[in-house]
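This report concerns only the one structure given below.
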Amino acid sequence: MDVARCLGEANLINGDLLPILALWWATGQKSKHMTRISLACLELLVPLTWPVEFHSQMTVNHHRHTPYIQQTQVQYKRGILKYGGSTLLRAVIRIALPSMVTARSEREARDEGILKLMLYFLRNIAIISPNTRLAAEGEEEETSRSATINAFHDQDAFALLLTMCSNVGDDFNLQDIILMEIIFHIVKGVNVEKLFMDDDQRKAKRTDELSDLLKKENSVRREYAKNAPTRHGRFGTMIWVKRDDAKVSTVSGQDVLRDDQTTLHKMDQSKKWNKPKPRRKQEDAVQNSNFNMPAHLNSEATKNLRTFVEEFLDSGFNPLFTHVRKAIEREAERVLDINTRQFFYTVGWFLKAERVRRARQSRQRTAQNGGRTKDIEPDSYGLVAGVLNQETFISLNRAMQNSLDNKEWQDLNAQMRCFTQILLTVQEMAVSPLEEDQEIAENIQNRIFYEETTHDRILAIVRGYKDQGFGYLDACTELAHVFLRMLERYSKLNADMQIRSRRKAKRKQKKADKGTEDVADDDEERDSEAEDEVDAAQVTKERSFDFKRFAAKFCNQSCVDTFVAFTGFYKELNSEQLKRAHRYFYRIAFKQEMTTLLFRVDIISLFYRMIKGPGPMDSSDSVFKEWEELVRQIIRRMIKKLDQRPAL
């Protein structure tokens, strides 16, 4: 850390290394001496641009130097992307080009090291971003994700990634993990729907988002104006409220003079219980691998990234992720714990990108054919078949179970997103015009829904939510929603559906003959029988599946609390997320006839606030009418239940 800070203060990279690389690119590519010097510059660039973060093993020295080094690395990135007419990335790729064209059987350790240096350098540039906790120096747009994507496109870094990804396993055997890391840091947090929008659609989307924000702002202003202080009413006010137990509470503020409801509401707001939170294990590399934060791209970067994503899906998706999955399964030395999270998130992101791309292509072809869909030849899902096989499902189920058992919530978040996108892809395959895709989708659904352990795992995830963050909450509710819908549809189509149930059964040894034996023999037999009683064996059996019985398992307080916590963010949720929560409560209240689970003061208060305020939903929203009708029916049933049983 001390050396890195000294070199940063000396301006070694921007002042010396980058001019040397620019000079070599301009004049000295044929000189072996200059080529060696440029390689030495690259060997210095990689460790100096290696991302640093706050983690649990930091010393005082780390805390002293890390903020400065983070700011210095942003300056490094700005210089690398802008210095010398934007040719430095191309120069670094040119350094490794001789090692790339060498056949894999003829490569030496030096060649593999040069390739690794080049890829790690690209990875570092993709990761480095301004720290929001530090004051920004210079123009932030120069080091943003958009600037990185544009530089990768203009300087042939994307072409390099596509070439290497499509040849993983043939010519590049040890570079799979680092290639996946680069792609992960390029696409994390990018909105897939916006990525595949046209310019007109994107402008309309931004206009709608702006109008929604203005409506929310006007709503907040109206709520504030109801209790806003007037010119002659800015004097202090304090009142006493007599409670039922003859005690007195003090409430301050002129807004409490409005009515009794406002007074009680302000009293409730002052009641805060700071529940003690258990100490959690600190996770390393939180910022660099945080995919919950949205990334905003400009129009040029969106176009360049969309081109790369489409070409990657066409040529590099199956080779790269098949090879990475095999490396993770055999626990190769180059695989780190964080790579598993990156693998599942990236797979889920590209599966969603493929679905959105197919929908966009279908709309374009339909418009070109004048609205006739019969003349359009459907495309197969073979481009993403590498992650729709049994090996991937086994790895995903094992990883989800391990993350759930070890409470690795961010890993489980990425795995839930991946599983959700696999289910949605299979759902689209099931309605594909191609019979081959329909058969594959039928087999995949049969494998997924056949194991009862998968059903129990989804249920345990929804029940086990305890303040793991909104990203985790969104992922687990979406997975439960998609899984329940698909399972319900599949069980209706297959009336005689069977599932494999695994239970633990006690093994009892047959009793020995009741003859007279020695006391020692009796003791020995009793001990062995006790051991057999404790020893448990997995008993596997098939049984018929009843969807209503399975859906009833989601009708408990833990699952309700999870969806209530999700619905509590109703002001920030989009229409799809609000519809997801609505479907769950509708299922509980009317399909499962368990409305009493919703007869809680906090739930009724939340529903009333969503419809009547303060801070209600936008009445022009498409799902407002559905929520209004749902809340009306629930409150009506609650009133009937109170009339029947006043003790409630």
Answer yes or no: is there a residue in the stretch 154-163 that is acidic (Asp, Glu), closer than 18 Å to Thr307 by Cα and either open to solvent by 40 Å² or more (accessible area, probe 1.4 Å) or in contact (Cβ under 8 Å) with a residue 24 or more places away in the chain (or both).
-> yes
Scan Val335, Val384 and give me the residue that is aliphatic (A, V, I, L, M), outside any helix (DSSP H, G or I) and within 18 Å of Asp176 (Cα to Cα).
-> Val335
Any idea which of Thr27, Thr49 is at pLDDT 80 or above and open to solvent by less than 60 Å² (accessible area, probe 1.4 Å)?
-> Thr49
Looking at the stretch 211-233, is at least one residue at pLDDT 75 or above, touching a strand residue (DSSP E or B) at 6+ places or on another chain (Cβ under 6 Å) and either on the phi < 0 side of the Ramachandran plot or hydrophobic (A, V, I, L, M, F, W, C) (or both)?
-> no
When the stretch 263-313 is examined, which residues are found to be part of a helix (DSSP H, G or I), at pLDDT 85 or above, hydrophobic (A, V, I, L, M, F, W, C) and in contact with a Ser or Thr (Cβ under 8 Å, 6 or more places away or on another chain)?
-> Ala301
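Conditions tested, residue by residue: (1) among the hydroxyl-bearing types (Ser, Thr, Tyr); (2) surrounded by 22 or more Cβ atoms within 10 Å (Cβ to Cβ); (3) out of contact with any Phe, Trp or Tyr (no Cβ under 7 Å at 6 or more places or on another chain); (4) not in a helix (DSSP H, G or I).
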position	(1), (2), (3), (4)
Asp111	no, no, yes, no
Asn131	no, no, yes, yes
Ile149	no, yes, yes, no
Phe152	no, yes, no, no
Cys165	no, yes, no, no
Asp170	no, no, yes, yes
Leu174	no, no, yes, yes
Leu179	no, yes, yes, no
Ile183	no, yes, yes, no
Could you list all residues from the stretch 390-409 that are open to solvent by 40 Å² or more (accessible area, probe 1.4 Å) and either assigned to a loop (DSSP other than H, G, I, E, B) or in contact (Cβ under 8 Å) with a residue 24 or more places away in the chain (or both)?
-> Gln390, Glu391, Asn397, Gln401, Lys407, Glu408, Trp409
Return yes when Ala385 is among the aliphatic types (A, V, I, L, M), open to solvent by less than 20 Å² (accessible area, probe 1.4 Å) and touching a residue at least 24 places away in the same chain (Cβ under 8 Å) and no when it is not.
-> no
Among the residues of the stretch 468-481, the number that are touching a residue at least 60 places away in the same chain (Cβ under 8 Å) and open to solvent by 10 Å² or more (accessible area, probe 1.4 Å) is 6
Answer residue from the stretch 52-75, given it is under 22 Å from Ile149 (Cα atoms) and either out of contact with any Leu (no Cβ under 7 Å at 6 or more places or on another chain) or open to solvent by 60 Å² or more (accessible area, probe 1.4 Å) (or both) and is modelled with the lowest pLDDT among those | Val52
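A quick yes/no check of all residues on (1) among the acidic types (Asp, Glu); (2) in contact with a Phe, Trp or Tyr (Cβ under 6 Å, 6 or more places away or on another chain); (3) open to solvent by 30 Å² or more (accessible area, probe 1.4 Å):
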| residue | (1), (2), (3) |
| --- | --- |
| Phe308 | no, yes, no |
| Ser315 | no, no, yes |
| Leu336 | no, no, yes |
| Glu354 | yes, no, no |
Among the candidates Ser362, Ser380, which residue alone is without any contact (Cβ under 8 Å) to a residue 60 or more places away in the chain, under 27 Å from Val324 (Cα atoms), open to solvent by 40 Å² or more (accessible area, probe 1.4 Å) and over 23 Å from the mean Cα position of the chain (by Cα)?
-> Ser380
When every residue in the stretch 1-49 that is touching a helix residue (DSSP H, G or I) at 6+ places or on another chain (Cβ under 6 Å) and outside any helix (DSSP H, G or I) is compared, the one nearest to Asn124 (Cα to Cα) is Thr49
What number of residues within the stretch 569-583 satisfy the criterion of being within 20 Å of the chain's Cα centre (by Cα) and either at positive phi or part of a loop (DSSP other than H, G, I, E, B) (or both)?
-> 5
In the stretch 584-632, how many are part of a helix (DSSP H, G or I), charged (D, E, K, R) and surrounded by 15 or more Cβ atoms within 10 Å (Cβ to Cβ)?
-> 4
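The values are calculated or read from the model by the stated rules, or taken from the named source; none is laboratory data. The structure presented is a predicted model; accordingly, all values stated were derived computationally and were not measured. Quick reminder, even Gly has a Cβ in these numbers, built from the backbone with ideal geometry, and neighbours come from all protein chains shown. Ligands, DNA and RNA are excluded from the accessible area calculation, which covers all protein heavy atoms including side chains. Shrake-Rupley method; radii C 1.70, N 1.55, O 1.52, S 1.80 Å.
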